[in-house]
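The values are calculated or read from the model by the stated rules, or taken from the named source; none is laboratory data. All of these numbers come straight from a predicted model, not from anything done at the bench. Cβ placement follows ideal geometry from the backbone for every residue including glycine, while neighbour counts extend to all protein chains displayed. These accessible areas exclude ligands, DNA and RNA; they are computed on the full protein's heavy atoms, side chains included. Shrake-Rupley method; radii C 1.70, N 1.55, O 1.52, S 1.80 Å.
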Amino acid sequence: MAEFQSYTLNFGPQHPAAHGVLRLILEMEGETITRADPHVGLLHRGTEKLAESKPYNQSIGYMDRLDYMAMMCNEHGYVLAIEKLLGIEPPLRAQYIRVMMDEVTRILNHLLWLGTHGLDVGAMTAFLYTFREREDLIDVYEAVSGARMHAAYYRPGGVYRDLPERMPKYEPTPYRGEKELREMNRAREGSVLDFLDDFCHRFPACIDDYETLLTENRIWKQRLVDVCVVGPERAKALGFTGPMLRGSGVAWDLRKKQPYEVYDRLDFDVPVGTNGDCYDRYLVRMEELRQSTRIINQCVDWLRANPGPVRLDDPKVSPPSREEMKDDMESLIHHFKLFTEGYCTPPGEVYAAVEAPKGEFGAYIVSDGANKPYRLKIRPPCYIHLSAMDEMIRGHMLADVVTLIGSLDVVFGEVDR
Amino acid sequence: MRPLREYVRSFLLVELLQGLRVTGRHLFKRSVTLEFPEEVAPKSPRFRGLHALRRYPNGEERCIACKLCEAVCPALAITIDSHQRADGTRRTTRYEIDLFKCIYCGFCEESCPVDSIVETRIDWHLMESREQRVIGKERLLEIGDQYEAQIAADRAADAPYR
Ligand code: SF4
Ligand code: SF4
């Protein structure tokens, strides 16, 4: 019988563990991978090209759909670039709201990552618990922006609307007694800030639960420890950012190193790993959940004490309030002008980046002075992480592919754009 | 000492039992599952669902065919044709939204100067064929008439923020 040599295995694009539409061509030597070739582009929607054809504001909604696990962070990177181009700064309250929503987004992203990563590796239970908490935060998203995922909430010069004073409540149904309904609506009696405050108080116990289920679990450790190790120097050379880089022991976090918005006023720590394996990246993300909770807590306190405008009072960039628009001819003209033509930016090039849950999300805009970008380049963290896949997976077993995809935290909306 | 302790812990399945305790505890907690068709997740007045066109209390349609919503729509989902009526006002002869193109961004509602096009709370609408994705003016006005009370209450609740 002929000696069985290497063979090629097609993984995905519809594999449930491929987190979207990743197609991998794996060259295998028995169970061992000798080469992995990611094929991307199955979710390409041409966001960058699309943005060239419409006024700046109209592309905000498309940013949500890049990394659809970190909606508001993407908007943030894009909006920040426009603001830099225009040379405007949003009111302080808007900055706090943005930071708070960014951290809510980070928790949303990490919860989904934890659930699905666990599911891929074989831990079903954590998935159920993380989605319970996600639901609460998605309700916050919905109360604030009107959409559970694709928020379109940030605007150059602030955010669309202030945080609502009331949190939506569950309606009575025949399935729930009065007492149970009251329990379900307990945290929803007050405003969104009260709800988030309550969430921040109960969330650390939930993280403890996830950690009890996973951190010490022997199967979890066997699947994660010493899998796909990347050293700090190599991680930097590969262009890693976010938890991928911090897991390798490099304390690089844009929130600390290049503070944007109000991150320099907030107190939080940046967790750093030591080994650079999947397990360390897991630990880093778990600690980030706790740190995000801390940041949200501080923002809630500040926002409660400091009401104020959330949008820049500059009718050339940000539309007037509806009341003004209906009373005042000049405002009406501004309103029409902004919603048809938008605003023109000075010619130039800018790059602005935020620390999105997955790493550095940046937007690079070239403007020729028109009301739409001449060129928009998006720097997605996942695309760069995915391109290191081949190097990371070589010599590992087939089962480790799933672990690595989970640990990379790839999302294809962002890789393919 | 440490390796020995680790060994004993691992032998006694300590971490697995701790994990089991967490799941055991949750077994007796209130279930968070909603009985879907009867129970739904709470929705805020800002919810952006199916579109509707509104009327003034006297029955006149609000839309003045200014085409702002058409211009602002990032997905180019709105198509409007207009004419001048006998009384001199401008009205739409055609107002179509392609629900497959729409990304539910809410910009149309944000732009409309007379609060005519709105996004309602309706989030489970269904189509039986592809052609039904384009909803016309009659259907939009019909939705508006049907849910006017809810729509008006939602706009009133959110008015201070806009
Ligand atoms: S919600 Fe957005 S995409 Fe949909 S019709 Fe309105 S403006 Fe267009
Ligand atoms: S719905 Fe509103 S924005 Fe659109 S054409 Fe009519 S009046 Fe203008």
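Annotation: of all residues in region A:158-169 being closer than 15 Å to B:TYR161 by Cβ and free of Cβ contacts under 8 Å to residues at least 60 places away in the same chain, the one that is most open to solvent (accessible area, probe 1.4 Å) is A:ARG166.
Each residue in region B:34-72 was checked for being within 16 Å of ligand 2 (Cβ to nearest atom) and charged (D, E, K, R), and 8 of them qualify. Taking region A:1-98 as the region of interest, none of the strands (runs of 3 or more DSSP E) fully inside it holds 1 or more residues being surrounded by 19 or more Cβ atoms within 10 Å (Cβ to Cβ), touching a residue at least 60 places away in the same chain (Cβ under 8 Å) and acidic (Asp, Glu).
Return the residues of region B:44-59 that are crowded, with 19+ Cβ neighbours inside 10 Å and either hydrophobic (A, V, I, L, M, F, W, C) or within 12 Å of another protein chain (Cβ to nearest Cβ) (or both); say none if nothing qualifies. Passing the criteria: B:SER44, B:PRO45, B:ARG46, B:PHE47, B:ARG48, B:LEU50, B:ALA52, B:LEU53. Where helices (runs of 4 or more DSSP H) fall wholly inside region B:1-101, the ranges with 1 or more residues that are under 30 Å from A:TYR153 (Cβ atoms) are B:68-72. Pairs linking a residue in region A:389-410 that is of a type in the set (D, E, K, R) to a residue that is outside any helix (DSSP H, G or I) and modelled with pLDDT of 85 or more, with Cβ atoms under 6 Å and 6 or more positions apart or on different chains, are A:ASP390/A:ALA36; A:ASP400/A:VAL227; A:ASP409/A:LYS358.
Tallying residues that are outside any strand (DSSP E or B), open to solvent by less than 10 Å² (accessible area, probe 1.4 Å) and more than 8 Å from chain B (Cβ to nearest Cβ) within region A:143-157 yields 4. Residues of region A:170-190 that are within 21 Å of A:TYR141 (Cα to Cα), open to solvent by 100 Å² or more (accessible area, probe 1.4 Å) and away from every other protein chain (no Cβ under 11 Å): A:ARG186, A:GLU189.
Given the condition under 30 Å from A:TYR68 (Cβ atoms), more than 12 Å from ligand 2 (Cβ to nearest atom) and either surrounded by 14 or more Cβ atoms within 10 Å (Cβ to Cβ) or within 12 Å of chain A (Cβ to nearest Cβ) (or both), answer yes or no: does some residue in region B:106-120 qualify? Within region B:106-120, one or more residues are under 30 Å from A:TYR68 (Cβ atoms), more than 12 Å from ligand 2 (Cβ to nearest atom) and either surrounded by 14 or more Cβ atoms within 10 Å (Cβ to Cβ) or within 12 Å of chain A (Cβ to nearest Cβ) (or both). Filtering B:ARG5, B:ARG62 for residues that are crowded, with 17+ Cβ neighbours inside 10 Å, more than 11 Å from every other protein chain (Cβ to nearest Cβ) and out of contact with any helix residue (DSSP H, G or I) (no Cβ under 8 Å at 6 or more places or on another chain) leaves a single hit, B:ARG62. The residues of region A:116-139 that are part of a helix (DSSP H, G or I), of a type in the set (Gly, Ala, Ser) and either open to solvent by 10 Å² or more (accessible area, probe 1.4 Å) or within 12 Å of A:CYS206 (Cβ to Cβ) (or both) amount to a single one, A:ALA126. Taking every residue in region B:87-108 that is farther than 12 Å from B:CYS66 by Cβ and pairing it with any residue that is among the hydroxyl-bearing types (Ser, Thr, Tyr) and more than 12 Å from ligand 2 (Cβ to nearest atom), at least 6 positions away or on another chain, the pairs with Cβ-Cβ distances below 8 Å are B:ILE103/A:TYR62.
In the set A:TYR68, A:TYR129, only one residue is within 13 Å of chain B (Cβ to nearest Cβ), closer than 24 Å to A:TYR351 by Cα and at pLDDT below 90; that residue is A:TYR68. Across region B:10-33, which residue is most open to solvent (accessible area, probe 1.4 Å) among those that are more than 9 Å from chain A (Cβ to nearest Cβ) and of a type outside the set (A, V, I, L, M)? Checking each candidate, the answer is B:PHE28.
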